[in-house]
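Can you keep this structure in mind? I'll have questions shortly.
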2 protein chains.
Amino acid sequence: MAELQVIARYTVTEGKEADVLALLGELASASRSEPGNRAFEVCRRVDEPRGVVLLERYASRAAFAAHRETPHFKDLVLGRIVPLLDSRVVEQYDVAE
Amino acid sequence: MAELQVIARYTVTEGKEADVLALLGELASASRSEPGNRAFEVCRRVDEPRGVVLLERYASRAAFAAHRETPHFKDLVLGRIVPLLDSRVVEQYDVAE
């Protein structure tokens with residue numbers, strides 16, 4: 001089964017950058033504990049402090065689907081982070097052989 | 001010195017996907033041999049075969065600048081890959097602590 005790379009691109013609402021980064025720290029820790037998670041990194045755009053990218057790697061598409069059913073995804077992402085964003089785009093990539 | 005994450009987002013010209021992926025395989029090997037390179041992965045968008053993303057990690061901003069001065073960057077990227085793309089956007093990110 002090929003691994004899946006997920007790139008989540010956020011534009012944070014102005015003034016909410018510190019709040020979002022703190023929540024993302026919690027999310028990264030919880031996500032790394034999932035059996036199908038291989039990596040979860042939070043990156044900040046160099047030239048745009050409101051630009052945040054999550055680089056997430058899963059063992060399979062099913063593992064990513066399972067991530068989205070976890071309590072931490074529903075509580076932290078949907079419940080607490082998304083309301084602090086101006087935009088959110090999530091893309092899925094196959095890692096080339 | 002903080003590491004730098006680079007995300008290069010390509011839209012490949014229709015019909016050139018296989019050519020670009022072959023060239024990116026060469027580029028990945030050459031780039032991984034740079035002393036300041038920490039990772040170089042080629043990913044293909046799941047829902048759009050023309051969408052390619054490079055996930056590149058460098059030891060520092062200076063190491064990324066050095067990458068762009070290498071013969072393989074100038075020959076492969078600028079000389080041979082870019083002419084096969086419809087679009088190319090390169091973003092730089094600091095990895096959050």
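The values are calculated or read from the model by the stated rules, or taken from the named source; none is laboratory data. Nothing here was measured: the structure is a model prediction, and the numbers come from that model. Cβ: placed from backbone, ideal geometry, glycine included. Neighbour counts: every protein chain shown.
What number of residues within the stretch B:71-97 are out of contact with any helix residue (DSSP H, G or I) (no Cβ under 7 Å at 6 or more places or on another chain), in contact (Cβ under 8 Å) with a residue 24 or more places away in the chain and β-branched (Val, Ile, Thr)?
3
Please work out if B:Glu48 is part of a strand (DSSP E or B), within 13 Å of chain A (Cβ to nearest Cβ) and closer than 24 Å to A:Glu3 by Cα.
On the way: part of a strand (DSSP E or B): no; within 13 Å of chain A (Cβ to nearest Cβ): yes; closer than 24 Å to A:Glu3 by Cα: yes.
In short, no.
Also, quick follow-up: In the list A:Ala39, A:Ala63, A:Ala18, which residue meets the criterion of being more than 10 Å from every other protein chain (Cβ to nearest Cβ) and in contact with a Gly (Cβ under 9 Å, 6 or more places away or on another chain)?
Details: A:Ala39 fails: in contact with a Gly (Cβ under 9 Å, 6 or more places away or on another chain); A:Ala18 fails: in contact with a Gly (Cβ under 9 Å, 6 or more places away or on another chain).
Exactly one of A:Ala39, A:Ala63, A:Ala18 is more than 10 Å from every other protein chain (Cβ to nearest Cβ) and in contact with a Gly (Cβ under 9 Å, 6 or more places away or on another chain), namely A:Ala63.
As an exercise: evaluate B:Val95 against (1) farther than 18 Å from B:Val20 by Cβ; (2) modelled with pLDDT of 95 or more; (3) within 14 Å of chain A (Cβ to nearest Cβ) and give the number of the one condition it does not meet.
Result: B:Val95 passes all but (2).
Also: Mind counting the residues in the stretch B:39-69 that are within 13 Å of the chain's Cα centre (by Cα), surrounded by fewer than 16 Cβ atoms within 10 Å (Cβ to Cβ) and not hydrophobic (A, V, I, L, M, F, W, C)?
The qualifying residues number 1.
Please give the number of the condition B:Tyr10 fails out of (1) part of a strand (DSSP E or B); (2) within 11 Å of chain A (Cβ to nearest Cβ).
Every condition holds for B:Tyr10 apart from (2).
Now a separate question. For B:Glu34, indicate whether it is surrounded by fewer than 18 Cβ atoms within 10 Å (Cβ to Cβ) and not hydroxyl-bearing (Ser, Thr, Tyr).
Details: surrounded by fewer than 18 Cβ atoms within 10 Å (Cβ to Cβ): no; not hydroxyl-bearing (Ser, Thr, Tyr): yes.
No; evaluated as a whole, the condition is false for this residue.
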